[in-house]
Amino acid sequence: MKQRPFLTAAALVAMTVPALAHPGHGEAGVLFGFLHPLSGADHILAMVAVGLWAALLGGRAFWLVPAAFVSAMIAGFVFGMNGMVLPAIEPGIAASVVVLGMMIATAARLPLAPSMAVVALFGLFHGQAHGAELTGSALLFGLGFTAATVLLHAGGLAVGGVLGQQRLLARALGVLIAGSGLFIFGGMA
């Protein structure tokens with residue numbers, strides 16, 4: 001009976017489809033920025049995975065790992081708005097889902113600084129992609145985008161808290177996330 005919420009979540013993750021190009025880049029406003037990360041499986045999975053992995057790492061990583069992602073995402077957003085381009089943006093975003101899922105699946109326990117560096121790199125990709133495509137109000141869109149990201153991280157932190165000592169369930173969720181990332185990669189071909 002206790003596995004029912006996990007199985008429901010696993011089924012929902014398994015049913016996701018790649019959303020490599022989704023709407024919401026050109027519109028102005030906080031609402032469009034807020035809704036944008038919620039319109040693509042790549043964003044949802046990566047951002048929830050950051051929170052879940054941070055919760056599993058525990059200690060200071062609980063807050064600092066998501067903060068590293070958000071900070072780098074904002075920097076990437078600014079870079080993208082100013083025409084700076086990172087190579088392989090979409091593969092980098094898909095890789096974020098695969099790698100973060102694998103970190104969870106393998107119960108990877110990197111030290112704090114490397115953990116922050118991993119998520120910061122992925123945050124740059126996520127932010128740059130949206131900054132480069134933006135045609136509306138950068139400030140309003142960015143505020144909404146950042147707020148949604150923080151809430152998705154909080155969701156991952158909450159899932160990690162609920163799973164607590166259920167490491168096997170956390171690992172299974174990591175496998176589902178990584179598998180979804182591979183599916184997203186497959187959608188790029």
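The values are calculated or read from the model by the stated rules, or taken from the named source; none is laboratory data. None of these values were measured; they are calculated from a predicted model. Backbone-built Cβ (ideal geometry, glycine too); neighbour counts: all protein chains shown.
Identify, please: which residue in the stretch 137-158 is at pLDDT 90 or above and of a type in the set (Ser, Thr, Tyr) and is, among those, surrounded by the fewest Cβ atoms within 10 Å (Cβ to Cβ)?
In this case the residue turns out to be Thr146.
Taking the stretch 73-89, which residues are assigned to a helix (DSSP H, G or I) and within 18 Å of Asp42 (Cα to Cα)? Give the steps one after another, and end with the answer.
Going through the stretch 73-89, the residues assigned to a helix (DSSP H, G or I) turn out to be 73-81, 89.
Result: Met73, Ile74, Gly76, Phe77, Ile89.
Could you list, ordered by first residue, the pairs with Cβ atoms under 6 Å in which the first is in the stretch 159-174 and surrounded by fewer than 20 Cβ atoms within 10 Å (Cβ to Cβ) and the second is at pLDDT 95 or above, at least 6 apart or interchain?
Once the first residue is surrounded by fewer than 20 Cβ atoms within 10 Å (Cβ to Cβ) and sits in the stretch 159-174, its partners that are at pLDDT 95 or above give Gly161/Ala55; Arg171/Ala105.
Tally up the residues in the stretch 133-176 that are in a helix (DSSP H, G or I), over 15 Å from Ala54 (Cα atoms) and of a type outside the set (Phe, Trp, Tyr), please. Full working, then the answer.
Step one: of the stretch 133-176, the residues in a helix (DSSP H, G or I) are 133, 138-163, 167-176.
Of the ones still in play, those that are also over 15 Å from Ala54 (Cα atoms) are 133, 138-148, 168-169, 172, 175-176.
If we keep only those that are of a type outside the set (Phe, Trp, Tyr) as well, we get 133, 138-140, 142-144, 146-148, 168-169, 172, 175-176.
Of the residues in the stretch 133-176, 15 are in a helix (DSSP H, G or I), over 15 Å from Ala54 (Cα atoms) and of a type outside the set (Phe, Trp, Tyr).
Any chance the stretch 83-104 includes a residue that's among the small types (Gly, Ala, Ser), at pLDDT below 95, more than 14 Å from the chain's Cα centre (by Cα) and within 26 Å of Phe183 (Cβ to Cβ)?
There is at least one residue in the stretch 83-104 that is among the small types (Gly, Ala, Ser), at pLDDT below 95, more than 14 Å from the chain's Cα centre (by Cα) and within 26 Å of Phe183 (Cβ to Cβ).
Take the conditions part of a helix (DSSP H, G or I), over 24 Å from Met188 (Cβ atoms), in contact (Cβ under 8 Å) with a residue 24 or more places away in the chain and of a type outside the set (S, T, N, Q) and apply them to Gly92. Does it pass? Steps first, please.
Working: part of a helix (DSSP H, G or I): yes; over 24 Å from Met188 (Cβ atoms): no; in contact (Cβ under 8 Å) with a residue 24 or more places away in the chain: yes; of a type outside the set (S, T, N, Q): yes.
For Gly92, the condition - part of a helix (DSSP H, G or I), over 24 Å from Met188 (Cβ atoms), in contact (Cβ under 8 Å) with a residue 24 or more places away in the chain and of a type outside the set (S, T, N, Q) - is not met.
Are there any pairs, at least 6 apart or on different chains, whose C-beta atoms fall under 9 Å, with the first in the stretch 100-117 and farther than 13 Å from Leu57 by Cβ and touching a residue at least 40 places away in the same chain (Cβ under 8 Å) and the second among the hydrophobic types (A, V, I, L, M, F, W, C) and not in a helix (DSSP H, G or I), and if so, which?
Close Cβ pairs (under 9 Å, with a partner that is among the hydrophobic types (A, V, I, L, M, F, W, C) and not in a helix (DSSP H, G or I)) amount to Met102/Ala108; Ala117/Leu110.
Got a sec? Which of Ala120, Ala67, Ala94, Ala108 is surrounded by fewer than 22 Cβ atoms within 10 Å (Cβ to Cβ) and over 21 Å from Ala158 (Cβ atoms)?
Values: Ala67 fails: over 21 Å from Ala158 (Cβ atoms); Ala94 fails: surrounded by fewer than 22 Cβ atoms within 10 Å (Cβ to Cβ); Ala108 fails: over 21 Å from Ala158 (Cβ atoms).
After applying the criteria, what remains is Ala120.
What's the total number of residues in the stretch 72-91 that are out of contact with any His (no Cβ under 8 Å at 6 or more places or on another chain), under 17 Å from Val150 (Cα atoms) and buried (at least 18 other Cβ atoms within 10 Å of the Cβ)?
As a first pass, look at the stretch 72-91 and keep what is out of contact with any His (no Cβ under 8 Å at 6 or more places or on another chain): 72, 74-75, 78-79, 81-91.
Among the residues that remain, those that are also under 17 Å from Val150 (Cα atoms) are: 72, 74-75.
Okay, now just the ones that are also buried (at least 18 other Cβ atoms within 10 Å of the Cβ), so 72, 74.
Number satisfying all stated conditions: 2.
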